[in-house]
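S.K.: Structure provided below as C-alpha cells; questions to follow.
The values are calculated or read from the model by the stated rules, or taken from the named source; none is laboratory data. Everything quoted here is computed from the prediction, not taken from an experiment. Neighbour counts run over all protein chains shown; Cβ positions are idealised from the backbone, glycine included.
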C-alpha cells in the first residue's frame, strides 16, 4: 500500500522517491554504489530496472524449454553478470544508465554519443589508464578435416586487442587486433580510430545504408581489468570477420607489464 502524502512539494517528492525505490530489483534501503542510488532516486530508471528484472526472470523460466536447459540457464546468468559489471555499473551519468537499461529491455540499439573535443570532458569523464593497453584471451582452435570428416584440435590461439593512446587527445585511441576462431576464421580490427563515450570505446565504421558500431567496455572484473566487446546489431562482424568469426560477448584480460 502506498503511503498517504501531504500535498506539499517537499513531502510529495519524498513520497515519489519512496514509491519508485520500492520498484527497483534490489533493496533501495541497502544501496551502496552510486549506480544503485541513482536507480532508486530516478522514476524512469526505477521503471527500467523493473523491466530488466522481469525480462531476466522470464528468460530464466523459459530456459527449461531448451534441450540443454542447465547450460542455457548458466549462460543467461553469466551474461547478466557481464552486463551488470561491464555495462551498467561502469556508467557515471543518468543518461548512460538509461541507454544501457533501454538496450537491455527493449533490445533496440541506442547508438553511442561520442566527443571529438577534449574540452567537452571533465577529468572524471575521461578513460582511466587501465582502459588502454594490450588485452588478450587464449582459446582452443579446432579445424574440420574433410578427409577424416572429423574435428581436429589444432592447438591454442591467443586473441589480442591493443588500445593505444593518442598524444594530447585523452578521449581518443587507436585500436588494433586479430581474433581467431574455429576453422581458423579470423576477425581483423586493422587500425581503427576509437572515441571514448562515457563508459566505453566506440569504433564507428558506418556504411551508406546502416550504422556499424563496435563497443569496447573496460572494467575491473574478478580482480583484473578486462575488456568486453559488444557488436551492436551484429553489423561489425559482417564487415571484418570470416564466416564463423564474431566479436559480440568476447572478454579479454588486460596484460600487466
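S.K.: Among the residues in segment 147-159, are any under 20 Å from the mean Cα position of the chain (by Cα), assigned to a strand (DSSP E or B) and either surrounded by fewer than 19 Cβ atoms within 10 Å (Cβ to Cβ) or modelled with pLDDT of 90 or more (or both)? Spell out how you get there, then give the answer.
M.R.: Applying the first criterion (under 20 Å from the mean Cα position of the chain (by Cα)) to segment 147-159 yields 159.
The next check asks that each one be assigned to a strand (DSSP E or B); those that pass are 159.
With either surrounded by fewer than 19 Cβ atoms within 10 Å (Cβ to Cβ) or modelled with pLDDT of 90 or more (or both) added as a condition, the list becomes 159.
Yes, some residue in segment 147-159 is under 20 Å from the mean Cα position of the chain (by Cα), assigned to a strand (DSSP E or B) and either surrounded by fewer than 19 Cβ atoms within 10 Å (Cβ to Cβ) or modelled with pLDDT of 90 or more (or both).
S.K.: Mind listing whichever residues of segment 50-74 are closer than 19 Å to residue 100 by Cβ and either surrounded by 12 or more Cβ atoms within 10 Å (Cβ to Cβ) or touching a helix residue (DSSP H, G or I) at 6+ places or on another chain (Cβ under 7 Å) (or both)?
M.R.: 50, 51, 52, 53, 54, 55, 56, 59
S.K.: I want to confirm something. Restricting to segment 214-257 and keeping residues that are more than 17 Å from residue 82 (Cα to Cα) and touching a helix residue (DSSP H, G or I) at 6+ places or on another chain (Cβ under 9 Å), which single residue is surrounded by the most Cβ atoms within 10 Å (Cβ to Cβ)?
M.R.: Only one residue tops the list, namely 245.
S.K.: Okay, next question. Specify which of the listed residues (209, 205) is within 20 Å of residue 239 (Cβ to Cβ) and loosely packed, with under 12 Cβ neighbours inside 10 Å.
M.R.: 209
S.K.: Which of the residues that make up segment 78-90 are in a helix (DSSP H, G or I) and touching a helix residue (DSSP H, G or I) at 6+ places or on another chain (Cβ under 8 Å)?
M.R.: Result: 80, 83, 87, 88.
S.K.: So residue 157 fits all but one of (1) within 25 Å of residue 82 (Cβ to Cβ); (2) free of Cβ contacts under 8 Å to residues at least 12 places away in the same chain; what number is the exception?
M.R.: Of the numbered conditions (1) within 25 Å of residue 82 (Cβ to Cβ); (2) free of Cβ contacts under 8 Å to residues at least 12 places away in the same chain, the odd one out for residue 157 is (2).
S.K.: Let me ask something else about it. Specify the residue that is modelled with the lowest pLDDT; the eligible residues are those in segment 29-49 that are buried (at least 16 other Cβ atoms within 10 Å of the Cβ) and not in a helix (DSSP H, G or I).
M.R.: By that ranking, first place goes to 31.
S.K.: At pLDDT below 90 and either exposed (fewer than 15 other Cβ atoms within 10 Å of the Cβ) or in contact with a strand residue (DSSP E or B) (Cβ under 7 Å, 6 or more places away or on another chain) (or both): which single residue out of 26, 86 fits that description?
M.R.: The match here is 26.
S.K.: Among the residues of segment 189-202, count how many are in a strand (DSSP E or B) and either buried (at least 22 other Cβ atoms within 10 Å of the Cβ) or free of Cβ contacts under 8 Å to residues at least 60 places away in the same chain (or both).
M.R.: The total comes to 9.
S.K.: Ok, one more. For residue 186, are the conditions met, namely being surrounded by fewer than 18 Cβ atoms within 10 Å (Cβ to Cβ) and free of Cβ contacts under 8 Å to residues at least 12 places away in the same chain?
M.R.: Numbers: surrounded by fewer than 18 Cβ atoms within 10 Å (Cβ to Cβ): yes; free of Cβ contacts under 8 Å to residues at least 12 places away in the same chain: no.
Considered against the rule, which asks whether it is surrounded by fewer than 18 Cβ atoms within 10 Å (Cβ to Cβ) and free of Cβ contacts under 8 Å to residues at least 12 places away in the same chain, residue 186 comes out as no.
Let's see how each residue does on (1) under 18 Å from residue 180 (Cβ atoms); (2) part of a loop (DSSP other than H, G, I, E, B):
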{"residue": "215", "(1), (2)": "no, no"}
{"residue": "229", "(1), (2)": "yes, no"}
{"residue": "245", "(1), (2)": "yes, yes"}
{"residue": "249", "(1), (2)": "yes, yes"}
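S.K.: Still on this structure, I have one more. Hey, can you tell me all the residues within segment 172-182 that are at pLDDT below 90 and not in a helix (DSSP H, G or I)?
M.R.: 181
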